[in-house]
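Only one structure is covered here, and it is reproduced in the block below.
The values are calculated or read from the model by the stated rules, or taken from the named source; none is laboratory data. Computed from a predicted model, the values in this text were never measured in an experiment. Glycine gets a Cβ as well: all are built from the backbone with ideal geometry, and neighbour counts include every protein chain shown.
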Amino acid sequence: MTETVAVAVPRKGRPLEAALERLASVGGREATALADEVATTLRYEKAVTKGRETTDAGVYERLATHSDTTDGGVEYTLVRDDRAGHPRRVVFDSATVPVSGTRVRVVGREEPFRALRTHEFALGFDSADLVLEEVVTLAPAGVGSIADVNERIDPRDTDVRVATGLGDTVYHTLMATPETIPPGTSLDRSFVADYEGLLRISPRYERLVEAVLGTEALDGVRFSYPDPGREEEAAIAETGCGVYLTVTGNTAREHGLVVGERLFPSETVLLENEAETTPPAARLRERLADGVETAIDAAD
(Lines give C-alpha, C1' and ligand atoms only; values in the text may rest on other atoms or scores of the structure.)
Protein backbone atom coordinates (compact mmCIF):
# COMPACT_ATOMS: atom_id res chain seq x y z
CA MET A 1 0.00 0.00 0.00
CA THR A 2 2.04 2.96 -1.29
CA GLU A 3 -0.59 5.48 -2.38
CA THR A 4 -1.62 8.13 0.13
CA VAL A 5 -4.60 10.44 -0.38
CA ALA A 6 -5.11 13.39 1.95
CA VAL A 7 -8.73 14.08 2.91
CA ALA A 8 -9.82 17.22 4.74
CA VAL A 9 -12.41 16.82 7.52
CA PRO A 10 -13.92 19.15 10.15
CA ARG A 11 -12.14 19.26 13.50
CA LYS A 12 -15.17 18.45 15.63
CA GLY A 13 -18.92 17.96 15.73
CA ARG A 14 -21.50 16.07 13.73
CA PRO A 15 -19.82 16.59 10.32
CA LEU A 16 -16.56 15.07 11.60
CA GLU A 17 -18.36 12.03 13.01
CA ALA A 18 -20.30 11.61 9.76
CA ALA A 19 -17.10 11.77 7.72
CA LEU A 20 -15.32 9.21 9.90
CA GLU A 21 -18.36 6.94 9.85
CA ARG A 22 -18.32 7.01 6.05
CA LEU A 23 -14.62 6.12 6.03
CA ALA A 24 -15.38 3.32 8.51
CA SER A 25 -18.20 1.97 6.35
CA VAL A 26 -15.78 1.24 3.51
CA GLY A 27 -12.50 0.96 5.40
CA GLY A 28 -13.10 -1.96 7.73
CA ARG A 29 -11.72 -2.62 11.19
CA GLU A 30 -8.99 0.05 11.41
CA ALA A 31 -11.19 2.82 10.06
CA THR A 32 -13.98 1.78 12.42
CA ALA A 33 -11.58 1.86 15.37
CA LEU A 34 -10.46 5.35 14.32
CA ALA A 35 -14.04 6.61 14.12
CA ASP A 36 -14.89 5.16 17.54
CA GLU A 37 -11.76 6.53 19.20
CA VAL A 38 -12.17 10.06 17.86
CA ALA A 39 -15.90 10.18 18.64
CA THR A 40 -15.36 8.97 22.21
CA THR A 41 -12.49 11.38 22.85
CA LEU A 42 -14.23 14.45 21.46
CA ARG A 43 -17.53 13.71 23.18
CA TYR A 44 -15.63 13.54 26.45
CA GLU A 45 -13.81 16.80 25.69
CA LYS A 46 -17.10 18.47 24.77
CA ALA A 47 -18.56 17.33 28.08
CA VAL A 48 -15.58 18.87 29.87
CA THR A 49 -16.03 22.08 27.87
CA LYS A 50 -19.73 22.24 28.75
CA GLY A 51 -19.10 21.45 32.41
CA ARG A 52 -20.84 18.07 32.33
CA GLU A 53 -17.57 16.29 33.17
CA THR A 54 -14.91 17.36 35.63
CA THR A 55 -11.22 16.51 35.62
CA ASP A 56 -8.11 17.56 37.48
CA ALA A 57 -6.00 17.26 34.31
CA GLY A 58 -5.31 20.48 32.45
CA VAL A 59 -6.03 20.86 28.76
CA TYR A 60 -2.38 20.38 27.73
CA GLU A 61 -2.09 17.27 29.84
CA ARG A 62 -5.25 15.84 28.26
CA LEU A 63 -3.97 16.75 24.81
CA ALA A 64 -0.78 14.78 25.43
CA THR A 65 -2.75 11.83 26.78
CA HIS A 66 -5.12 11.68 23.82
CA SER A 67 -2.52 12.13 21.06
CA ASP A 68 -0.53 9.25 19.61
CA THR A 69 2.58 10.63 17.91
CA THR A 70 3.66 7.28 16.48
CA ASP A 71 3.38 6.84 12.72
CA GLY A 72 -0.24 7.18 11.70
CA GLY A 73 -1.62 7.50 15.22
CA VAL A 74 -4.47 9.83 16.05
CA GLU A 75 -3.30 13.32 16.93
CA TYR A 76 -5.34 16.13 18.41
CA THR A 77 -4.76 19.86 18.66
CA LEU A 78 -6.20 22.87 20.47
CA VAL A 79 -8.49 25.66 19.27
CA ARG A 80 -10.03 28.60 21.07
CA ASP A 81 -13.58 27.89 22.19
CA ASP A 82 -16.20 30.63 21.84
CA ARG A 83 -17.19 30.57 25.51
CA ALA A 84 -16.47 33.51 27.78
CA GLY A 85 -12.71 33.87 28.13
CA HIS A 86 -12.15 31.80 24.98
CA PRO A 87 -10.59 28.76 26.67
CA ARG A 88 -8.74 26.17 24.60
CA ARG A 89 -10.56 23.04 23.45
CA VAL A 90 -9.19 19.70 22.27
CA VAL A 91 -10.16 18.89 18.66
CA PHE A 92 -9.14 16.39 15.98
CA ASP A 93 -5.93 17.06 14.06
CA SER A 94 -4.91 14.07 11.92
CA ALA A 95 -4.61 10.31 11.50
CA THR A 96 -3.70 7.80 8.78
CA VAL A 97 -5.91 4.81 8.05
CA PRO A 98 -6.15 2.23 5.22
CA VAL A 99 -9.33 2.42 3.13
CA SER A 100 -9.87 -0.01 0.25
CA GLY A 101 -6.16 -0.40 -0.46
CA THR A 102 -5.38 3.32 -0.15
CA ARG A 103 -3.58 5.03 2.70
CA VAL A 104 -5.85 7.90 3.69
CA ARG A 105 -4.37 10.80 5.59
CA VAL A 106 -7.32 12.37 7.39
CA VAL A 107 -6.53 16.01 8.20
CA GLY A 108 -8.61 18.31 10.40
CA ARG A 109 -9.43 21.79 9.12
CA GLU A 110 -11.64 24.53 10.52
CA GLU A 111 -13.40 24.81 7.16
CA PRO A 112 -12.51 21.92 4.84
CA PHE A 113 -14.53 23.36 1.96
CA ARG A 114 -12.29 26.42 1.85
CA ALA A 115 -9.19 24.23 1.97
CA LEU A 116 -10.46 22.46 -1.15
CA ARG A 117 -11.22 25.78 -2.82
CA THR A 118 -7.60 26.85 -2.32
CA HIS A 119 -6.43 23.53 -3.85
CA GLU A 120 -4.87 22.11 -0.68
CA PHE A 121 -6.86 18.87 -1.07
CA ALA A 122 -8.61 16.87 -3.77
CA LEU A 123 -11.18 15.40 -1.37
CA GLY A 124 -12.86 16.57 1.80
CA PHE A 125 -16.00 16.55 3.91
CA ASP A 126 -17.92 19.60 5.08
CA SER A 127 -21.43 20.90 5.66
CA ALA A 128 -23.64 21.45 2.61
CA ASP A 129 -24.65 24.71 4.29
CA LEU A 130 -21.21 26.21 3.71
CA VAL A 131 -21.39 25.41 -0.01
CA LEU A 132 -24.70 27.28 -0.28
CA GLU A 133 -23.39 30.17 1.78
CA GLU A 134 -20.27 30.63 -0.33
CA VAL A 135 -20.59 29.54 -3.95
CA VAL A 136 -24.14 28.61 -4.98
CA THR A 137 -25.39 31.19 -7.45
CA LEU A 138 -28.54 33.05 -6.39
CA ALA A 139 -31.41 32.76 -8.85
CA PRO A 140 -35.16 33.49 -8.98
CA ALA A 141 -35.96 29.82 -8.28
CA GLY A 142 -34.67 28.11 -5.17
CA VAL A 143 -32.53 25.04 -4.55
CA GLY A 144 -34.36 22.06 -3.05
CA SER A 145 -31.89 19.19 -2.83
CA ILE A 146 -28.22 18.26 -2.71
CA ALA A 147 -28.54 17.13 -6.33
CA ASP A 148 -29.33 20.72 -7.38
CA VAL A 149 -26.21 22.23 -5.87
CA ASN A 150 -23.61 21.48 -8.58
CA GLU A 151 -25.82 23.06 -11.24
CA ARG A 152 -25.68 26.32 -9.28
CA ILE A 153 -21.88 26.41 -8.86
CA ASP A 154 -20.18 28.74 -11.33
CA PRO A 155 -17.17 26.84 -12.76
CA ARG A 156 -15.32 30.17 -12.97
CA ASP A 157 -15.65 30.53 -9.20
CA THR A 158 -14.35 27.17 -7.96
CA ASP A 159 -13.28 23.70 -9.08
CA VAL A 160 -15.01 22.10 -6.07
CA ARG A 161 -18.12 19.99 -6.60
CA VAL A 162 -20.38 17.94 -4.33
CA ALA A 163 -19.83 14.20 -4.86
CA THR A 164 -22.52 12.93 -2.47
CA GLY A 165 -24.43 13.65 0.71
CA LEU A 166 -23.87 11.46 3.76
CA GLY A 167 -27.44 11.43 5.02
CA ASP A 168 -26.75 12.79 8.53
CA THR A 169 -29.65 15.06 7.87
CA VAL A 170 -31.41 17.81 9.73
CA TYR A 171 -33.48 20.24 7.70
CA HIS A 172 -33.81 23.96 7.15
CA THR A 173 -37.55 24.06 7.79
CA LEU A 174 -40.21 26.68 7.28
CA MET A 175 -42.19 27.53 10.44
CA ALA A 176 -44.97 29.98 11.22
CA THR A 177 -47.61 30.79 13.78
CA PRO A 178 -51.14 29.64 12.86
CA GLU A 179 -52.28 33.27 12.67
CA THR A 180 -49.74 33.99 9.94
CA ILE A 181 -51.02 31.25 7.61
CA PRO A 182 -54.14 32.14 5.60
CA PRO A 183 -56.96 29.54 5.76
CA GLY A 184 -56.52 26.72 3.27
CA THR A 185 -52.86 27.60 2.66
CA SER A 186 -50.01 25.12 2.94
CA LEU A 187 -46.86 26.27 4.71
CA ASP A 188 -44.47 25.76 1.82
CA ARG A 189 -42.50 27.67 -0.80
CA SER A 190 -45.66 29.02 -2.41
CA PHE A 191 -46.63 30.52 0.96
CA VAL A 192 -43.34 32.44 1.05
CA ALA A 193 -43.90 33.67 -2.52
CA ASP A 194 -47.15 35.34 -1.37
CA TYR A 195 -45.85 36.40 2.05
CA GLU A 196 -44.76 39.94 2.85
CA GLY A 197 -43.17 40.85 6.14
CA LEU A 198 -40.48 39.67 8.51
CA LEU A 199 -38.80 36.27 8.17
CA ARG A 200 -36.78 35.27 11.23
CA ILE A 201 -33.51 33.46 10.43
CA SER A 202 -30.04 33.00 11.93
CA PRO A 203 -27.73 35.83 10.81
CA ARG A 204 -25.19 33.49 9.20
CA TYR A 205 -27.87 31.88 7.00
CA GLU A 206 -29.02 34.92 5.02
CA ARG A 207 -27.40 33.89 1.73
CA LEU A 208 -28.29 30.24 2.30
CA VAL A 209 -31.98 31.10 2.73
CA GLU A 210 -31.83 33.26 -0.39
CA ALA A 211 -30.37 30.34 -2.35
CA VAL A 212 -32.89 27.84 -0.96
CA LEU A 213 -36.05 29.93 -1.40
CA GLY A 214 -34.98 31.85 -4.49
CA THR A 215 -34.82 35.60 -4.91
CA GLU A 216 -38.27 35.82 -6.51
CA ALA A 217 -40.05 34.29 -3.51
CA LEU A 218 -38.29 36.74 -1.19
CA ASP A 219 -39.66 39.84 -2.88
CA GLY A 220 -41.37 41.79 -0.11
CA VAL A 221 -39.70 39.76 2.65
CA ARG A 222 -37.34 41.32 5.21
CA PHE A 223 -34.95 39.18 7.25
CA SER A 224 -35.04 39.48 11.02
CA TYR A 225 -32.54 38.00 13.45
CA PRO A 226 -32.94 36.71 17.02
CA ASP A 227 -31.13 38.40 19.87
CA PRO A 228 -27.97 36.58 21.05
CA GLY A 229 -28.86 33.70 23.34
CA ARG A 230 -32.53 33.75 22.35
CA GLU A 231 -34.03 30.39 21.44
CA GLU A 232 -34.69 30.36 17.70
CA GLU A 233 -38.16 28.84 17.91
CA ALA A 234 -39.24 31.44 20.47
CA ALA A 235 -37.95 34.21 18.24
CA ILE A 236 -39.84 32.81 15.23
CA ALA A 237 -43.03 32.59 17.29
CA GLU A 238 -42.62 36.27 18.14
CA THR A 239 -42.05 37.28 14.51
CA GLY A 240 -44.70 34.99 13.03
CA CYS A 241 -42.62 33.26 10.36
CA GLY A 242 -39.08 31.93 9.99
CA VAL A 243 -36.66 29.27 8.85
CA TYR A 244 -34.64 27.15 11.26
CA LEU A 245 -32.95 23.75 11.53
CA THR A 246 -35.14 20.92 12.80
CA VAL A 247 -35.06 17.17 13.20
CA THR A 248 -38.54 16.39 14.54
CA GLY A 249 -40.00 19.89 14.97
CA ASN A 250 -41.13 19.11 18.52
CA THR A 251 -39.54 22.22 20.03
CA ALA A 252 -41.18 24.39 17.39
CA ARG A 253 -44.59 22.90 18.18
CA GLU A 254 -44.02 23.53 21.88
CA HIS A 255 -43.79 27.22 20.97
CA GLY A 256 -47.09 27.06 19.10
CA LEU A 257 -45.52 26.98 15.63
CA VAL A 258 -46.77 25.10 12.60
CA VAL A 259 -43.91 23.08 11.08
CA GLY A 260 -44.03 23.45 7.30
CA GLU A 261 -41.94 22.34 4.34
CA ARG A 262 -38.47 20.94 4.76
CA LEU A 263 -36.72 23.35 2.44
CA PHE A 264 -33.22 21.92 2.24
CA PRO A 265 -31.21 19.14 3.93
CA SER A 266 -28.41 20.33 6.18
CA GLU A 267 -26.03 17.40 5.93
CA THR A 268 -22.38 16.57 5.59
CA VAL A 269 -21.24 16.19 2.00
CA LEU A 270 -18.25 14.60 0.28
CA LEU A 271 -16.52 17.26 -1.81
CA GLU A 272 -14.07 16.96 -4.68
CA ASN A 273 -11.74 19.52 -6.24
CA GLU A 274 -11.79 18.21 -9.78
CA ALA A 275 -8.61 20.07 -10.74
CA GLU A 276 -6.64 18.27 -8.03
CA THR A 277 -8.08 14.76 -8.41
CA THR A 278 -5.51 12.06 -9.12
CA PRO A 279 -6.40 8.46 -10.08
CA PRO A 280 -6.00 7.28 -6.44
CA ALA A 281 -8.20 10.14 -5.22
CA ALA A 282 -10.81 9.35 -7.88
CA ARG A 283 -10.89 5.69 -6.83
CA LEU A 284 -11.30 6.69 -3.19
CA ARG A 285 -14.06 9.14 -4.08
CA GLU A 286 -15.94 6.44 -5.98
CA ARG A 287 -15.56 4.03 -3.07
CA LEU A 288 -16.78 6.58 -0.52
CA ALA A 289 -19.79 7.49 -2.66
CA ASP A 290 -20.62 3.92 -3.71
CA GLY A 291 -24.17 2.83 -2.95
CA VAL A 292 -25.26 6.08 -1.28
CA GLU A 293 -28.92 6.83 -1.97
CA THR A 294 -28.29 10.58 -2.02
CA ALA A 295 -25.39 10.35 -4.48
CA ILE A 296 -25.54 13.01 -7.17
CA ASP A 297 -25.37 10.44 -9.98
CA ALA A 298 -28.39 8.60 -8.55
CA ALA A 299 -30.53 11.65 -7.90
CA ASP A 300 -33.74 12.22 -9.82
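So the values come out like this:
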| item | result |
| --- | --- |
| Search result, residues across the stretch 22-45 that are under 24 Å from A128 (Cα atoms), without any contact (Cβ under 8 Å) to a residue 60 or more places away in the chain and surrounded by 17 or more Cβ atoms within 10 Å (Cβ to Cβ) | A24, S25, A35, V38, L42 |
| Subset tally (residues that are in contact with a strand residue (DSSP E or B) (Cβ under 8 Å, 6 or more places away or on another chain) and of a type outside the set (V, I, T)) for the stretch 147-172 | 10 |
| Single match in D93, D154 (criterion: acidic (D, E) and at pLDDT below 95) | D154 |
| Within the stretch 150-162, tally of residues that are closer than 25 Å to G13 by Cβ, more than 14 Å from the chain's Cα centre (by Cα) and in contact (Cβ under 8 Å) with a residue 24 or more places away in the chain | 4 |
| Among (1) at pLDDT below 90; (2) more than 17 Å from the chain's Cα centre (by Cα), the one test that G242 misses | (1) |
| Breaking point among (1) under 30 Å from R103 (Cβ atoms); (2) out of contact with any strand residue (DSSP E or B) (no Cβ under 8 Å at 6 or more places or on another chain); (3) among the hydrophobic types (A, V, I, L, M, F, W, C), for A237 | (1) |
| Hey, D126 out of contact with any Cys (no Cβ under 9 Å at 6 or more places or on another chain) and over 15 Å from L270 (Cβ atoms) or not | no |
| Number of the condition not met by P155 [criteria: (1) surrounded by fewer than 16 Cβ atoms within 10 Å (Cβ to Cβ); (2) at positive phi] | (2) |
| Selection count where residues are out of contact with any Ser or Thr (no Cβ under 7 Å at 6 or more places or on another chain), in contact (Cβ under 8 Å) with a residue 12 or more places away in the chain and either of a type in the set (S, T, N, Q) or more than 9 Å from E233 (Cβ to Cβ) (or both), scope the stretch 244-257 | 2 |
| Only listed residue being among the charged types (D, E, K, R) and crowded, with 17+ Cβ neighbours inside 10 Å, chosen from E276, E272, E216, E196 | E272 |
| Criterion violated by E276 - all others in (1) touching a His at 6+ places or on another chain (Cβ under 7 Å); (2) modelled with pLDDT under 95; (3) not aromatic (F, W, Y) satisfied | (2) |
| Index of the failed condition, D93 passing every other in (1) charged (D, E, K, R); (2) part of a helix (DSSP H, G or I); (3) closer than 16 Å to V9 by Cα; (4) touching a Phe, Trp or Tyr at 6+ places or on another chain (Cβ under 9 Å) | (2) |
| Spans of strands (runs of 3 or more DSSP E) in the stretch 219-267 with at least 3 residues of a type in the set (A, V, I, L, M, F, W, C) and on the phi < 0 side of the Ramachandran plot | 241-246, 258-266 |
| Criterion: surrounded by 17 or more Cβ atoms within 10 Å (Cβ to Cβ) and either among the aromatic types (F, W, Y) or in contact (Cβ under 8 Å) with a residue 40 or more places away in the chain (or both) - qualifying residue of V107, V135 | V107 |
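Condition check ((1) in a helix (DSSP H, G or I); (2) charged (D, E, K, R)) across all residues:
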{"residue": "A6", "(1), (2)": "no, no"}
{"residue": "R14", "(1), (2)": "yes, yes"}
{"residue": "L23", "(1), (2)": "yes, no"}
{"residue": "V26", "(1), (2)": "yes, no"}
{"residue": "D36", "(1), (2)": "yes, yes"}
{"residue": "L42", "(1), (2)": "yes, no"}
{"residue": "T54", "(1), (2)": "no, no"}
